[in-house]
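Have a look at the structure below, then the notes.
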Amino acid sequence: MRKVLLRGVASLLVAAAVLALLTFTYFWRSPAYYPQPLAVSPAEADIIPRSKYSADHRRPYTYRRGDVAVFGAEHKPESVDRQVQQIDEMWRELRPTVALVEGRLGFLAPGFMDPVEHYGESGHVYALAKEDDVQAYTWEQPLDEHIADLARVHAKDRVALFMVLRPYFSNLRFGKPESPEAFVEEFLGRADHPAIRGEIDDVADIDRIWKRDFPGGKDWRDVSDETELPGYLERLTEDSNDQRNKYLVRLVSHLSAQGERVFVIGGSSHAVLIEPALK
């Protein structure tokens, strides 16, 4: 009996070791946040505020400024194949040393999962970075900082609702998930940040706040950020985007000063709004 138990324990240890090895060497993990604090860049003053954004521009919105190439993607399924080809062309021309990716990409098993199918244009840029051994980071402001900044200006329950539902609003343009509740549950941990803790613990709290603040409107399960979000959520979107764009410009300025060739992938609105700051 003792031998059987020892063999069982040994098998479990071997399996755990193999899984750990695969996790760190084979499976893709999300690009890391940039690992050090960034100084404020004077160029941030030239960013166009989100409240003054006009959607009347070409898509994708692309440009190159010296050793910085920016690809502002359309974020629509029917545009992905065309944009992947354009990304490849810009990538080859720049030969980047650093890739900056929008968002926090999740788990991916290369060879079994298509990065473009799962993560769109950002997934493709991350795949290029892996293929060419190029350092990749997310250009997002670290989540703790971002939530704390928003909570200084907006009510805690509003920030909690926005942070938990924002990924869902963005994803809905690619199709409604089989279970909106299950999708959102993956992001409930965002509401556990000290600045907003205690406002949302489960989907029932989301439903309660939504019915209270947006009576008579669409259910949150049918709301996409392709159009203006209801009520205070649009103002939160504007402030959130302004913060993110400032951090992006700060990061690009820092990397450029270090002599890096930087490839940026993000939504077309971000590309438009930061363009004056990169001139």
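The values are calculated or read from the model by the stated rules, or taken from the named source; none is laboratory data. Computed from a predicted model, the values in this text were never measured in an experiment. Neighbour counts run over all protein chains shown; Cβ positions are idealised from the backbone, glycine included. Note: areas computed on protein heavy atoms with side chains; ligands, DNA, RNA excluded. Shrake-Rupley method; radii C 1.70, N 1.55, O 1.52, S 1.80 Å.
Of all residues assigned to the range 238-250, at least one qualifies as being in contact (Cβ under 8 Å) with a residue 40 or more places away in the chain, hydroxyl-bearing (S, T, Y) and open to solvent by less than 10 Å² (accessible area, probe 1.4 Å). In the range 48-59, the residues that are under 11 Å from S269 (Cβ atoms) reach residues that are open to solvent by less than 90 Å² (accessible area, probe 1.4 Å) and in a loop (DSSP other than H, G, I, E, B) with C-beta atoms within less than 6 angstrom, at least six apart or across chains, in these pairs: R59/E74. Only one of the listed residues (L161, L172) is of a type in the set (A, V, I, L, M), open to solvent by less than 50 Å² (accessible area, probe 1.4 Å) and at pLDDT below 95. That residue is L172.
Yes or no, residue by residue, for (1) more than 30 Å from S41 (Cβ to Cβ); (2) under 20 Å from the mean Cα position of the chain (by Cα):
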{"residue": "R152", "(1), (2)": "no, no"}
{"residue": "V159", "(1), (2)": "no, yes"}
{"residue": "V164", "(1), (2)": "yes, yes"}
{"residue": "F174", "(1), (2)": "yes, yes"}
{"residue": "P177", "(1), (2)": "yes, yes"}
{"residue": "E186", "(1), (2)": "yes, yes"}
{"residue": "H193", "(1), (2)": "no, yes"}
{"residue": "D213", "(1), (2)": "yes, no"}
{"residue": "T237", "(1), (2)": "no, yes"}
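For I200, the conditions (1) open to solvent by less than 10 Å² (accessible area, probe 1.4 Å); (2) under 27 Å from A45 (Cα atoms) all hold with the exception of (2). The set of residues from the range 174-211 being farther than 17 Å from L150 by Cβ, in contact with a Leu (Cβ under 9 Å, 6 or more places away or on another chain) and outside any helix (DSSP H, G or I) comprises D201, D202.
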